[in-house]
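Colleague: Please read through the structure below; I'll follow up with questions.
FYI, it's all coordinate maths here, none of it is from the lab. Everything numeric in this text was worked out from a predicted model, so none of it was measured. Note that each Cβ is placed from the backbone with ideal geometry, even for glycine, and that neighbours are counted across all protein chains shown.
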Amino acid sequence: MGNTAAFDATEFRRALGSFATGVTIITTRDMQGEPVGLTVNSFSSVSLNPPLVLWSLANNALSLPAFRNNGHWAVHVLASDQEDLSGRFARRGENKFAGLDFDEGEGGVPLLRGCMARFQCRTATLYEGGDHLIFIGEVLSFDRDDAAPLVFHGGGYAHATQRDPAHTSPKSAWLDGSFSGDFLGYLLGRSHFRFYAQIRPLLEQAGLSDEEFYVLSALTLKQRMAINDLDAGMAGVLDDGSRDALASLVARGLARSVPEGYELSDAGRDCALRLISAATAVESQVLERLGPGDAQVLKSLLNRLLTVIDPGAAALWDGAP
Ligand SMILES: Cc1cc2nc3c(=O)[nH]c(=O)nc-3n(C[C@H](O)[C@H](O)[C@H](O)COP(=O)(O)O)c2cc1C
């Protein structure tokens with residue numbers, strides 16, 4: 001088949017990239033018995049009965065002879081925390097399995113761990129497909145785990161999130177032009193108050209105000225915190241209040257002044273660790289109701305929002321281990 005494409009190759013790639021896919025790694029063994037694999041997003045299901053899947057391999061891939069020769073291969077559907085693994089297997093040729101723990105499947109095929117789903121396959125049919133070779137495989141066995149998927153879209157990695165079926169269009173107030181239920185300030189503010197309402201009883205038990213808790217937790221970030229760093233970290237959150245909260249922690253023996261700034265006392269460290277562990281337990285309960293994928297998406301988006309709205313926030317963490 002000749003080159004019939006009359007359009008721009010970059011634009012064509014870009015248009016194809018608008019189709020969001022999952023990400024897989026497909027593995028086999030070469031003629032010398034060495035493990036071989038590559039990152040693939042052309043994977044697709046074909047048939048339930050018989051169970052068939054397909055993917056396409058570039059004719060210039062170094063792994064092509066191994067896949068042509070070995071009738072067995074395994075497809076690993078990657079989870080959202082496996083972006084590094086995807087990057088490693090997208091690099092041409094080099095020893096991609098170095099330092100990786102893997103098991104052996106049908107026909108001795110390497111089976112990677114920690115993936116969302118794995119399909120062990122035997123080549124059923126091969127088709128020439130332009131500059132790719134299309135593999136259709138019969139699925140011999142599979143396993144799966146609940147996790148959030150890694151997504152590839154527009155030439156980069158992305159998150160997948162569940163749509164809220166109850167949320168069709170934003171709710172509006174009776175007064176035209178007023179806030180809608182989608183107003184970011186409303187969503188963030190209400191979430192913050194309701195979330196903190198679950199943590200506040202723990203603070204009350206310890207006799208701490210919200211402000212004192214913020215400063216106490218900030219002091220856990222570094223062994224010693226210069227007062228300027230604390231002020232910068234709390235800027236726009238507590239401002240003047242951070243000094244009062246700090247003074248109160250010092251007066252109660254939870255923090256103390258040292259030449260370089262401030263540090264937690266032993267009692268302060270115990271108190272902070274107890275509260276933080278109780279607060280993260282509350283967090284886990286809330287996030288569990290969102291599911292692992294959406295919990296990760298939420299955190300990733302809030303982090304991005306913070307870098308946009310509060311670029312100084314990261315300063316508080318600078319130098320933290
Ligand atoms: C997200 C992603 C998806 C990819 N999908 C495919 C694919 O479907 N088929 C393919 O041949 N290469 C695909 N690649 C490129 C290969 O992973 C890459 O060329 C790899 O270096 C080939 O390894 P090899 O030359 O050692 O066989 C993809 C790369 C990435 C990052």
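Colleague: Viscosity 0.890 mPa s, temperature 25 °C: give me the Stokes-Einstein translational D for the stretch 184-317 in µm²/s, with Rh taken as the Kirkwood radius over C-alpha pairs.
Modeller: Values: Rh = 15.9 Å.
Estimated diffusion coefficient is 154 µm²/s.
Colleague: Can you tell which of Pro35, Pro259, Pro110 shows the greatest fluctuation in a Gaussian network model of the chain with Cα springs below 10 Å?
Modeller: Among Pro35, Pro259, Pro110, the largest GNM mean-square fluctuation belongs to Pro259.
Colleague: How large is ³J(HN,Hα) for each residue in the stretch 289-294, as worked out from phi by the Karplus curve 6.51 cos²θ - 1.76 cosθ + 1.60 (θ = phi - 60°), to whole Hz, x for Gly and Pro?
Modeller: These are the phi-based 3J(HN,Hα) values: 6, 7, x, x, x, 5 Hz.
Colleague: Taking Cα atoms, how many degrees apart are the long axis of helix 184-205 and the longest axis of the chain, rounded to 10 and kept between 0 and 90?
Modeller: So the inclination is approximately 60 degrees.
Colleague: Looking at the calculated P(r) for the chain, what percent of the C-alpha pair distances fall above 28 Å?
Modeller: Details: 30126 of 51360 pairs.
Percent of Cα pairs beyond 28 Å in the chain: 59.
Colleague: What shape does the stretch 9-158 have by the C-alpha gyration tensor, where a ≥ b ≥ c are the square roots of the eigenvalues, rounded means a/c under 1.5, and otherwise prolate means a/b greater than b/c and oblate the rest? List each step's numbers first, then the result.
Modeller: Details: a/c = 1.24, a/b = 1.14, b/c = 1.09.
The shape class here is rounded.
Colleague: Report the extension gain between Leu287 and Ala9 in nm, rounded to one decimal, defined as 0.36 nm multiplied by the number of residues separating them, less their alpha carbon distance. List each step's numbers first, then the result.
Modeller: On the way: separation 278, 0.36 × 278 = 100.08 nm, distance 4.29 nm.
Once the chain is fully extended between Leu287 and Ala9, it gains 95.8 nm.
Colleague: Between Asn49, Asn303, Asn41, where does the largest GNM mean-square fluctuation fall for the chain, given springs only between Cα atoms within less than 10 Å?
Modeller: Residue with maximal mean-square fluctuation among Asn49, Asn303, Asn41: Asn49.
Colleague: Determine which lysines satisfy two conditions relative to Lys222: a Cα distance under 30 Å, and not lying fewer than 8 residues away in the same chain.
Modeller: Filter leaves Lys299.
Colleague: I would also like to ask the following. Would you mind pulling out the separation of the Cα centroids of the stretch 156-229 and the stretch 258-312, in Å?
Modeller: Result: 11 Å between the Cα centres.
Colleague: What FRET efficiency comes out for the pair Ala197/Ile136, r = Cβ-Cβ distance, R0 = 56 Å, nearest 0.05?
Modeller: Efficiency computed from Cβ-Cβ geometry: 0.50.
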